[in-house]
Amino acid sequence: MRAVIEKCNNSSKRLAEIRSINFSKGQDTVTKYISKRILHSLITLCIVIVIVLALLRQMPIEGYFNNFDKMSQTQINVTLKQLGLKDPLPVQVGRYFVQLLHGDFGTSIKYRAGYSNAKIIAQKAPLSIEIGLISLAIALILGLPLGAAMARSTRSKFKFWDRFGTVLIVIVQAIPSAVYYLLIQLYGSEWFGVSMLFSRSNYATWILPIFSLSLGNIVYYAMWLRRFMVDEANKDYIKLACAKGVSQKKIWDRHVFRNAIVPLVQYIPNSILFTLMGSLYVESLYSIPGMGGLLVQAIKIQDNTLVEALVVLYSMISVVGLLLGDILMAIFDPRISFTGKEGAR
Amino acid sequence: MNSFADLGSSKLESSLNDELKKHVSAYDKYKDLPEDELFTPAEFDSSEAEMGGYSNYSYWKATLRAFLHNKTAAFFLAVIVIVLAFTFIQPLLPNQRSAKTIYNDSETGIQIVNRQPDSEFWFGTNSIGQDLWARTWAGTRTSLGIGFAVACWEALFGTVIGLLWGYVRKLDTFFTEFYNIFDNVPQTLVLILISYIMKPGVNTIIFALCLTGWLGMARFIRNQVVIIRDRDYNLASRCLGTSTGRIITKNLLPYLVSVITLRMALAIPEAIGNEVFVTYIGIGLPTDMASLGNLVQAGRLVMSQPELRYQLLFPTAVLAVITISLYIVGNSFADAADPKNHVD
C-alpha cells in the first residue's frame, strides 16, 4: 500500500503543477508582479461576467416570473420588456456593469419577491465567510501536523502515521466529496449525538460542517507537507547536520519543517477554491443559512435574478481568492529574488 | 535505525558486500579450469562480429512489467476489471430484473416498497418498489459512461490543444492568456450554470464537464512539450530529418502517456462526483433514470431512518470501490508509464 501511495504522491505532484501559475516571476519585482496580476484579474473578471451574463440570458424564462402559468403571452412580453430582457445583449451587459458598479445585484423574483438581491446576500454572507475561514484554519491546524508526523514516521520502524495518512489521503481524494460529506453527516451526527442540522447558537452543530469542509484541505496540506519534508530530509545539509550530531528533534523542527513549509503557500489558492465550492454543498446539506445554501435554493426554486447575482458573485470571489493566493505566494516564496534580501535559496 | 547517518552507512555496506560477492563468484567459476584452456585465443567468427548490440526495450512491455511489479496496483486493477466486466455482463445474466420496473406483491398487488435486502431482492427495493440491485448496476453503467466520455474527450482534445500550444510558438501567448482567464472560473460553477440553462440529461452533464476539463490537461501537456521540445535528443532527431509527426509520436508521447492516463483515470471519479452533486441540487439527470447520482440522492432522502440506510450504503459502496480502484490504478499506471521509471 505504502509504495502505491508513495507513487500516488509522485503523480499528484505532477498534476498539481498544472495549476501553478506561469508568469515570468523571476525577472519581475514583487510589486510589478502583483500589479500585473491584479490587472489580469480585472480583465478576467470582466470577461467572465460577460460570458456568465450571455449564458444566463439562455435561462428558462419561467424563472423571471412568480406566476408564469397564469400569465398570457402579452403579459409575459411586457414584463420581459420591463426587465430589459428584450434589448440586445451588449446593451444588457453594459447596463449590468453600471449596476454592478453601484453595488446593485438586481431584485429577487421568487426567493423574496421585490427584495434587493444585494441585501439578501449581505445577510447570508458573514456566516459563510466565518465558516469558510474557520475551516481553512482547521485544515492548516490539523493538516500540517499530520503531514509532519507522516514525514517523520517514514524513518521509523512501523511507519504508523505514514500508513494511516496515506490511506486517509487515498480515501478522501478518490471518493467524491459529495459522497463523503453525506457519510460524515450521517455517521457523525449519529456517533456524536449532535443534530444533523445546523443551528447558529449551538456550537456543537458547527463541528460537522466545518470538519467536512476542511477534510479535503487537511489531506491536501498533509500530502504536500509530507512530500516537501521527505525531499528536504534527503538533502545533503541535513545529512551534515546529522553527522555533526544535531539532535533529531532540532533537525526536524528547525531545518526540515521550516524549509518545507514555505513552498506550501502555493497550494493556498487551490484550497480556497475548494472550500468555496464545497460550501455550496455542505451549507445546503446542513441547511446553514449562508450563501452556498442560498445558491442551491435559488436554483431549486428557479429564481433567475438571484441565481445570476450569486453566480456572478461566486466567480468574483474565486477570481479574487486566486489573486490573493497568488499574491501571498509571491510574497512568501523566497525563490523570487527582490531588493537584495538574503536569497538563501 | 532512527537516524540519517545509519541509513546511509547501511546502504553503503550492503552495496560493498554485493560488489565483493560478484568478484568471488567470478573466481569460483573459473578456478578449476586448466591453465591452457584459460588462455587460449578465441576463434574469429565473422557472423558474430556482424551482430551489433541492440536494446530489446519495448515501451509497453516495460510499462506493463513496472505496473505488475506493484502488487497493490495489480490487485486493484483486478478489482476494477471484475467490477467493470460485471457491470456490463449483469443485464445478460439470468433472473435479472429491470431497473425501471416497479414490483408488486403477487398476493396483495401492493408495491414492494422499502423491502430489506433478502434472497429475492439482493440490495432490497427502493421507496417506490424498484429493485435496487438492478438499479445500482444500471446506475454504474450510466455514470461510468458519463465519466468515460468526459475522460476520452479530455484526453483527446486536451492533448491536441496542448501539443499545438506547446509546439506552435505563435499560439503560445493566445492560449496562455486564454488559460489564465478561464482557469479562474471554478468547474463546479460552470457545471451548475450549464445544467441550469440546458435540459437535464446525460448529454448536458457530459457537455458541461467537457467544457472545462480539458484546460488543465492541455496546460500540462504544453508544459511538458515546452520542456522536452528542445532537448538534445529531439534536436538530434530533427537534425537527422525525422518528421514532426514521428517526433511527436515517438519522442514526446511516451513522456505524456503517464499524464494522459492519470488524468483519464481521475476524470471518471470526478465526473461521478459532479453528477452526484448536480443531482443533489436538482438539476441532474431525470429521477427515473438510474445513475449513481440519483441513487445516492434517493438514499440520502431516507438516510435518517436507520433501517432504510441500505438504500444509501449499497450505491455508495459500489461507487467507493470504483473510484478508489481507479485512483490507485491510475496513479500506479501513470508511474509505470513514465519512461524515467523504466531504468532499473
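Here are some notes:
- Qualifying residue in region A:198-217 (condition: more than 26 Å from the chain's Cα centre (by Cα) and in a helix (DSSP H, G or I)): no
Okay, residues lined up against (1) surrounded by fewer than 16 Cβ atoms within 10 Å (Cβ to Cβ); (2) among the β-branched types (Val, Ile, Thr); (3) modelled with pLDDT of 80 or more:
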{"residue": "A:33", "(1), (2), (3)": "no, no, no"}
{"residue": "A:36", "(1), (2), (3)": "yes, no, yes"}
{"residue": "A:56", "(1), (2), (3)": "no, no, no"}
{"residue": "A:68", "(1), (2), (3)": "yes, no, no"}
{"residue": "A:84", "(1), (2), (3)": "yes, no, no"}
{"residue": "A:109", "(1), (2), (3)": "no, yes, no"}
{"residue": "A:121", "(1), (2), (3)": "no, yes, yes"}
{"residue": "A:132", "(1), (2), (3)": "no, no, yes"}
{"residue": "A:137", "(1), (2), (3)": "yes, no, yes"}
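- Qualifying residue in region B:86-97 (condition: aromatic (Phe, Trp, Tyr) and at pLDDT 70 or above): yes
- Inside region A:156-175, residues that are touching a residue at least 40 places away in the same chain (Cβ under 8 Å) and either within 11 Å of chain B (Cβ to nearest Cβ) or assigned to a helix (DSSP H, G or I) (or both) make up a count of 10.
- Matching residues in region B:169-187 - criterion: being of a type in the set (Val, Ile, Thr) and modelled with pLDDT of 80 or more: B:173, B:176
- Qualifying residue in region A:250-267 (condition: surrounded by 15 or more Cβ atoms within 10 Å (Cβ to Cβ), at pLDDT 85 or above and at the interface with chain B (Cβ under 10 Å from one of its Cβ atoms)): yes
- The numbered conditions (1) in a helix (DSSP H, G or I); (2) free of Cβ contacts under 8 Å to residues at least 24 places away in the same chain; (3) over 17 Å from residue A:177 (Cα atoms) are all true for residue B:263 except (2).
- Candidates B:138, B:155, B:151, filtered to the one that is under 22 Å from the mean Cα position of the chain (by Cα) and either farther than 20 Å from residue B:267 by Cβ or assigned to a loop (DSSP other than H, G, I, E, B) (or both): B:138
- Filtered residue count, region B:37-68, keeping only those that are exposed (fewer than 14 other Cβ atoms within 10 Å of the Cβ), within 22 Å of the chain's Cα centre (by Cα) and part of a helix (DSSP H, G or I): 4
- Among the residues of region B:260-294, those identified as farther than 22 Å from residue A:294 by Cα and at the interface with chain A (Cβ under 7 Å from one of its Cβ atoms) are B:262, B:269, B:272.
- Output for region A:275-302, where each listed residue is among the hydrophobic types (A, V, I, L, M, F, W, C), more than 9 Å from chain B (Cβ to nearest Cβ) and more than 18 Å from the chain's Cα centre (by Cα): A:298, A:301
The values are calculated or read from the model by the stated rules, or taken from the named source; none is laboratory data. Just so it is clear, the model here is predicted, and its values are computed rather than measured. Positions of Cβ are generated from backbone atoms using ideal geometry, with glycine treated the same way; all protein chains shown enter the neighbour counts.
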